[in-house]
């Protein structure tokens, strides 16, 4: 489509062509800043690959190559998009690419975008705040109550706040994609208490859980990495407790710099 503007004649985008794709202004008006440049780039890639049913299945390698970033950065970006319920991810198996589903903006959650939320109320009859249960993972690392400080001498006197238990157990369930029940819930809380009493911090536990989760996702499409870090494939909170000294000392078996996200380098590369 030809247009003349500012005394110049040039071609503008023709949205009738099938090779064009669209991104909601709603995302760019607030979520882009919240999710960051890498997650925004990944979202652009997924929008480009999506079919009429808003589904796509590009490989992590392909997305990384399109954007000029690493697979680890793609995985962390996908996690951010999932936390805001912007996309759903369905794992299709070790040899197959994940399937990504783009969610309607009326279902998105998280962030502190007052103006953007008002816009959503105008275009949707659905209540944005009805998704409060999804907000609990949005800032999982912010304002952590660290109960490892000023701990009493006797272990039985050491108390962990309800808020800290909730932050860490919610994070554990989120990273593992499970729902704790009964005795298992008690075992996880006991492991958390033991680590905090022994001097570990809440941030140490969160960092190690995130590291395990990311490596498991990478292993699904990297047999070489699976051979090196296969021992953490079915990790639990007991794994976190047992391997925490190695993680903190930078001696975690099989971990190489190529697979280590920035937040974990303080531990691994000592």
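Could you please tell me which pairs satisfy a Cβ distance under 6 Å, a separation of 6+ or placement on different chains, a first residue in region 184-200 that is closer than 16 Å to residue 236 by Cβ, and a second residue that is surrounded by fewer than 15 Cβ atoms within 10 Å (Cβ to Cβ)?
191/238
Find the residue count for region 57-85, including only residues that are within 12 Å of the chain's Cα centre (by Cα) and either closer than 21 Å to residue 30 by Cβ or in a loop (DSSP other than H, G, I, E, B) (or both).
The total comes to 10.
Modelled with pLDDT under 90, farther than 21 Å from residue 73 by Cβ and either surrounded by fewer than 20 Cβ atoms within 10 Å (Cβ to Cβ) or within 16 Å of the chain's Cα centre (by Cα) (or both), is that true of residue 217?
no
Which condition from (1) within 20 Å of residue 217 (Cα to Cα); (2) surrounded by 13 or more Cβ atoms within 10 Å (Cβ to Cβ); (3) at pLDDT below 85 is the one that residue 62 breaks?
Result: residue 62 passes all but (3).
Name the residue, out of 46, 67, that is crowded, with 16+ Cβ neighbours inside 10 Å, in contact with a strand residue (DSSP E or B) (Cβ under 7 Å, 6 or more places away or on another chain) and modelled with pLDDT of 85 or more. So that I can check it myself, show each step before the final result.
Numbers: 67 fails: in contact with a strand residue (DSSP E or B) (Cβ under 7 Å, 6 or more places away or on another chain).
So the residue among 46, 67 that is crowded, with 16+ Cβ neighbours inside 10 Å, in contact with a strand residue (DSSP E or B) (Cβ under 7 Å, 6 or more places away or on another chain) and modelled with pLDDT of 85 or more is 46.
For residue 160, indicate whether it is part of a loop (DSSP other than H, G, I, E, B), surrounded by 17 or more Cβ atoms within 10 Å (Cβ to Cβ) and touching a residue at least 24 places away in the same chain (Cβ under 8 Å).
yes
The values are calculated or read from the model by the stated rules, or taken from the named source; none is laboratory data. All figures in this text were calculated on a predicted structure; none of them were measured in a lab. Every residue, glycine among them, receives a Cβ derived from its backbone with ideal geometry; neighbour counts consider all protein chains shown.
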